[in-house]
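Novice: What follows is a single structure, and I will ask about it in a moment.
What follows draws every value from the coordinates through simple rules; no lab data is involved. Just so it is clear, the model here is predicted, and its values are computed rather than measured. Glycine also receives a Cβ, built like all others from the backbone with ideal geometry; neighbour counts cover every protein chain displayed.
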Amino acid sequence: MKTTGRQNLHAAALAWALGVTTTAAQIESSFDRPFTRAPADANASGGGGPGGDAEDQQAELAKKLNNPVASLISVPIQNNWDFGIGAANAMKYTANLQPVVPVSISEDWNVIVRTILPVIYAESPVPGGANHSGLGDVTQSFFFSPKAPVGGWILGAGPVGYYPTATDSELGDGKWGAGPTIVALRQEHGFTYGILANQIWSFAGWGAQDISATYLQPFVAYTTKTYTTFALNTESTYNWEAKAWTVPVNFMVQQLVKIGGHPVAFQVGYRYYAERPSGGPDWGLRFTVTLLYPK
């Protein structure tokens, strides 16, 4: 039964993520717009003419995809599979819905609202145990970010909230939490590098375990002239209550394309856990579809 459930889950997850973009392509196909990867060679479209403008827009979108506080509405659907959990060598699937909405609050400042809503299927980590599925807890960040770089650095800082939205006690902490979050990055010569971090403390709720967790995400990425991005990061968490690190190292490749004239990014990745608590996963995979809505 477990094997069948896992196969059905994988099929449903891939169908869901791909279905979003397939539907968009079908809608646009009535206008006879092809699936394209925009060329990087300005000479191919007349240099500074309309083609050049389109290429500049593509290049700018590729840069913004690597910027957590870019002034760009995007909807990433990030599918994660983690393997080797517990004595049962179990699998956990997490689909993170991550809408990003920038709001201009003045001539010089934006607020970037980043929300993460996880949808989870978790096999039992012990043989014969029960599997669990449903919503996880929501994390929502509010980055106040100057519209212009400061000394060449793109900066953002603000509060982060943690909401007990899990539909199953095994999928969430049952705690309200809050704390500060920051991001700092540079973009030059095709490279993007920087760090995103936050600290969350719980202050209310019904869960048995208090939360005090530090999240650190240093990252580096390189984008080619064909809008292919190679990225490396860690999404490390230190649990101060358990005094334990979880350190997944992610290797990812992303391609920006157009479907019916609409920009979409596809990303695949492999994850290795350099450090994990007892019973934590050994490795994982990632497949992300990001819908982009440039102004």
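Novice: What number goes with the only condition from (1) touching a residue at least 40 places away in the same chain (Cβ under 8 Å); (2) closer than 21 Å to L171 by Cα; (3) assigned to a strand (DSSP E or B) that G279 does not pass?
Specialist: Status for G279: all satisfied but (3).
Novice: Moving to a separate point now. What about I154, is it touching a residue at least 12 places away in the same chain (Cβ under 8 Å) and over 28 Å from S202 (Cα atoms)? Show your work before the answer.
Specialist: Working: touching a residue at least 12 places away in the same chain (Cβ under 8 Å): yes; over 28 Å from S202 (Cα atoms): yes.
When the stated conditions are applied, I154 passes them.
Novice: Among what's in the stretch 84-136 and is of a type in the set (A, V, I, L, M, F, W, C) and not in a strand (DSSP E or B), pick the residue that is nearest to G172 (Cα to Cα). Don't jump to the end; show me each part of the working.
Specialist: Restricting attention to the stretch 84-136, the residues satisfying the condition of being of a type in the set (A, V, I, L, M, F, W, C) are 85, 87-88, 90-91, 95, 97, 100-101, 103, 105, 109, 111-113, 116-117, 119-120, 122, 126, 130, 135.
Imposing the further condition that a residue be not in a strand (DSSP E or B) reduces the set to 87-88, 105, 126, 130.
Numbers: A87: 21, A88: 21, I105: 33, V126: 18, A130: 16 Å.
Taking the candidates together, the pick is A130.
Novice: Same structure again: Just one of (1) surrounded by 15 or more Cβ atoms within 10 Å (Cβ to Cβ); (2) part of a loop (DSSP other than H, G, I, E, B) trips up T237, so point out which.
Specialist: T237 satisfies every listed condition except (2).
Novice: Of all residues in the stretch 74-125, which are aliphatic (A, V, I, L, M) and free of Cβ contacts under 8 Å to residues at least 40 places away in the same chain? Steps first, please.
Specialist: Of all residues in the stretch 74-125, those aliphatic (A, V, I, L, M) come to 75, 77, 85, 87-88, 90-91, 95, 97, 100-101, 103, 105, 111-113, 116-117, 119-120, 122.
Result: A90, L97, V100, V101, V103, I105, V113, I116, V119.
Novice: Looking at this structure, is Q267 outside any loop (DSSP other than H, G, I, E, B), of a type in the set (S, T, N, Q) and farther than 29 Å from P180 by Cβ? So that I can check it myself, show each step before the final result.
Specialist: Details: outside any loop (DSSP other than H, G, I, E, B): yes; of a type in the set (S, T, N, Q): yes; farther than 29 Å from P180 by Cβ: no.
No, not satisfied.
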